[in-house]
Amino acid sequence: MHDQPRQPINTPRYFMVWRWHFYAGLFIAPFLIILACTALGMLLMANTAGRDNERLTIVIPESTALAPVSTQAKSALNSEPDSTLIKYIAPRDATTVALFQVKSADHDTMVAINPYTADVIKSATTNGNLYSTFDHIHSDLFLGTVGDYLLETTASLTILMILTGWYLWWQKRKSIKAMLIPDNQTNRKQKRSFFLTIHATLGSWISILLLFFCISGMAWAGVWGERVVQSWSQFPAGKWGVAPMPVSIDHSQPHSAMHESMPVPHVHGSASTDVPTHGSILNSGNTKEVPWVLELTPMPVSGTTKGTEGIAPNLPLMIDTVDRYAREIGFVGRYQLNLPQGASGVWTISQDSMSYDMSSPTADRTVHIDRYSGNVLADIRFDHYNAFGKFMAAGAAIHMGTLGWWSVLANVLFCLSVIAICMSGYVMWWQRRPRSDSVRTGLNPPARGLNLAIRWPFAIPLLVVAMIFPTAIIAIVAIGLLDFLLLSRVSFLQKLLK
């Protein structure tokens, strides 16, 4: 049984939604293409050379004994004169390098070390590789706060695009099956009909995933993420009793065994007057390495009477001891060891999917150790996260494609689909232009020349999106002013945009 031919939809309500879909798409499509392309770049780099060149391989020598971590660290420090050690990243497996982040007076460097011979394999500026370039564009377009707000607005309007797209396609197809599966109503001889089917059908398939990516991506953004959601979803630092300064240690006593673990105070991306947080201490510049729920959480401090028994008091607190303790308490394979920063800094042992340490976000673990007593100040695991923290840990793994090769492939197909949807939208716009040379200039939006007022039932989704995502307010107001106020008064703009 064949479907009945569908009649064209000519209601003002439909045209009004279509026009909103058009204007929102006109703004967000270039940014979505940039986001998809940079995501493909990050996926490529993360699964070939690695984010920090951690996938560089070495030849396993006949003697498979690893050099002490302190010996490897000294080789890394000797490669950069007058430098201090910031972080140690253990090898992913027996055939890959160890990494050491060292800081000199004017720059940070990531040094790849052969863990068997302690030889320097490669040295590169921290966050200076191709992965970091893609990541920086993906995060803020190299525009800082302005770029962050632009991308947050893009994600907000993408949600509006999804809602209006659902409405428009439903009005044409009238069933979910017809929205997802092209039928014999698709006329391949008519190019615009063909591209419309690609645009809308592919959009229907990935819309839920795109919605998820928008929400999980915006949770890192500066307004909705940091100020609206992340600020009240942070891990409760009161569990370890954050104090402003150490209160139980006599700092006049020497700690000679800690020479390689006592760099000068160093806080990435944070003013010295700021309260030290996990993000400001542990993130390397623009790169997000800390689980979302911990990023704004204040760090614990060394030198208090807090904590539970950790490293034995008779052992020197040095990088070899802490590495051995990390293995004893269950850290396997690649993990990260951040050294204490400043007099009240702590040793931080961490392993999470955000940093490509392992694939499962449910295995996230962060352990803080007092640099003086060796006590464990905090042992934070996935089960300790709140509900939104768990959602973001899992969401980040899906978003970044760290769940295994199947998730890498799924993310590649998703990014290509987003590009195809955006490009097909532009093709349809180009094909829909009037044939008369006198009116071919300008944007030529849907229902050109019609005065379409916003109907209150359709204004509600706009208000909801604007209330949930603050940056959408500015965009929606700007589009409203442009379409309903400014164009009616400025003839040049009316000709260009109408």
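The values are calculated or read from the model by the stated rules, or taken from the named source; none is laboratory data. All of these numbers come straight from a predicted model, not from anything done at the bench. Don't worry about glycine lacking a Cβ; one is built from the backbone with ideal geometry, like all the others, and counts go over all protein chains shown.
Before moving on, here are some points about what is shown:
- Hits in region 335-344 (condition: surrounded by fewer than 20 Cβ atoms within 10 Å (Cβ to Cβ) and over 17 Å from residue 103 (Cα atoms)): 343
- Among (1) outside any loop (DSSP other than H, G, I, E, B); (2) at pLDDT below 95; (3) not aromatic (Phe, Trp, Tyr), the one test that residue 373 misses: (1)
- Matching residues in region 96-119 - criterion: being farther than 13 Å from residue 53 by Cα and not small (Gly, Ala, Ser): 102, 103, 106, 107, 108, 115, 116, 117, 119
- Residues that are in contact with a helix residue (DSSP H, G or I) (Cβ under 6 Å, 6 or more places away or on another chain) and over 24 Å from residue 57 (Cβ atoms), drawn from region 86-108: none
Rundown of residues vs (1) touching a Ser or Thr at 6+ places or on another chain (Cβ under 9 Å); (2) modelled with pLDDT of 90 or more; (3) not in a loop (DSSP other than H, G, I, E, B), yes/no style:
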position: 377; (1), (2), (3): yes, yes, yes
position: 397; (1), (2), (3): yes, yes, yes
position: 407; (1), (2), (3): yes, yes, yes
position: 410; (1), (2), (3): no, yes, yes
position: 414; (1), (2), (3): no, yes, yes
position: 421; (1), (2), (3): no, yes, yes
position: 429; (1), (2), (3): no, no, yes
position: 441; (1), (2), (3): no, no, no
position: 448; (1), (2), (3): no, no, no
